[in-house]
Amino acid sequence: MKNQEEVTTFLLILIIFVVEVTSGLTCHPSEYPIGVECCPMCPVGTRVNKHCTEFRSTSCLPCDGGTYMNKPTGRTECLRCRMCAAGSGLRVKVSCTSTSNTLCEPEDRFFCVEPSDEGNCEASQKHSLCSPGEFIQQPGSSSTDTVCSPCPPDSFSNGTLSVCRPHTRQMFQ
């Protein structure tokens with residue numbers, strides 16, 4: 001009988017151990033786990049300075065210049081602001097703040113070739129130039145390239161016109 005009690009006790013301890021190991025620490029969505037504690041997250045625009053303990057709450061600091069945090073966090077570092085690289089055909093559309101990242105847009109004569117869901121342009125390309133004998137059917141925009149079309153017979157364009165001009169005819173006597 002003693003063996004059966006030992007086996008039952010062992011199984012009970014094993015079950016408790018498995019439940020403890022697999023259950024883990026579950027925190028409220030507005031908290032983050034640190035060790036065996038669930039700490040309150042820092043608000044948007046801030047980062048963790050000191051994690052909470054059983055005796056004090058989380059201590060937060062504002063994001064420094066050039067960094068941001070756009071959601072409540074348990075991170076100790078803010079995210080670096082995006083750069084609209086000079087010479088890439090991109091410029092700042094919306095500057096970085098402590099709560100939002102920089103948004104880039106194409107410079108004049110460029111269009112976006114890699115738009116993101118958040119309204120940022122990741123990469124741009126220079127608008128195509130029409131060649132002599134072609135006219136600009138559709139000028140380029142910030143999101144589309146220039147559309148060039150060939151001039152019809154007996155007309156011409158130097159590549160900068162939006163319509164082709166007719167050739168002049170000289171009358172010979």
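Mind listing whichever residues of segment 138-147 are closer than 21 Å to Val92 by Cβ and surrounded by 14 or more Cβ atoms within 10 Å (Cβ to Cβ)?
At the first step, the residues of segment 138-147 found to be closer than 21 Å to Val92 by Cβ are 140-143.
Correct list: Gly140, Ser142.
Those residues that are in contact with an Asp or Glu (Cβ under 8 Å, 6 or more places away or on another chain) and either free of Cβ contacts under 8 Å to residues at least 24 places away in the same chain or not small (Gly, Ala, Ser) (or both), I need them from segment 120-172; list them, please. If you could, list the steps in order and put the result at the bottom.
Pass one, segment 120-172, residues in contact with an Asp or Glu (Cβ under 8 Å, 6 or more places away or on another chain): 121-125, 127-128, 142, 148-151, 157, 159, 166-167.
Within segment 120-172, Cys121, Glu122, Gln125, His127, Ser128, Cys148, Ser149, Pro150, Cys151, Pro166, His167 meet the criteria.
Each row is one residue, and each column tells you yes or no for (1) surrounded by 13 or more Cβ atoms within 10 Å (Cβ to Cβ); (2) part of a strand (DSSP E or B); (3) in contact with a helix residue (DSSP H, G or I) (Cβ under 7 Å, 6 or more places away or on another chain).
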position: Met83; (1), (2), (3): yes, no, no
position: Gly87; (1), (2), (3): no, no, no
position: Glu118; (1), (2), (3): no, no, no
position: Leu129; (1), (2), (3): yes, no, no
position: Ile136; (1), (2), (3): yes, yes, no
position: Ser149; (1), (2), (3): yes, yes, no
position: Pro153; (1), (2), (3): no, no, no
position: Ser162; (1), (2), (3): no, no, no
position: Thr168; (1), (2), (3): no, no, no
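Take the residues of segment 89-104 that are under 13 Å from the mean Cα position of the chain (by Cα) and surrounded by 17 or more Cβ atoms within 10 Å (Cβ to Cβ): which is nearest to Val163 (Cα to Cα)?
It comes out as Cys104.
Looking only at segment 56-70, count every residue that is part of a loop (DSSP other than H, G, I, E, B) and under 28 Å from Pro106 (Cβ atoms) and tell me the total.
So the answer is 5.
Whether any residue in segment 55-66 is surrounded by fewer than 17 Cβ atoms within 10 Å (Cβ to Cβ), touching an Asp or Glu at 6+ places or on another chain (Cβ under 7 Å) and of a type outside the set (Asp, Glu) is what I want to check.
Kept after step one, since they are surrounded by fewer than 17 Cβ atoms within 10 Å (Cβ to Cβ), are these residues of segment 55-66: 55-57, 59, 61-62, 64-66.
Filter once more, so that each one left must be touching an Asp or Glu at 6+ places or on another chain (Cβ under 7 Å): none.
Looking for residues that are surrounded by fewer than 17 Cβ atoms within 10 Å (Cβ to Cβ), touching an Asp or Glu at 6+ places or on another chain (Cβ under 7 Å) and of a type outside the set (Asp, Glu), one finds none in segment 55-66, hence no.
Just so you know, all these numbers are worked out from the coordinates, no wet-lab data involved. What you see is a predicted model; the values in this text were computed from it and never measured. In this analysis, Cβ positions are derived from the backbone assuming ideal geometry, glycine residues included, and neighbour counts consider all displayed protein chains.
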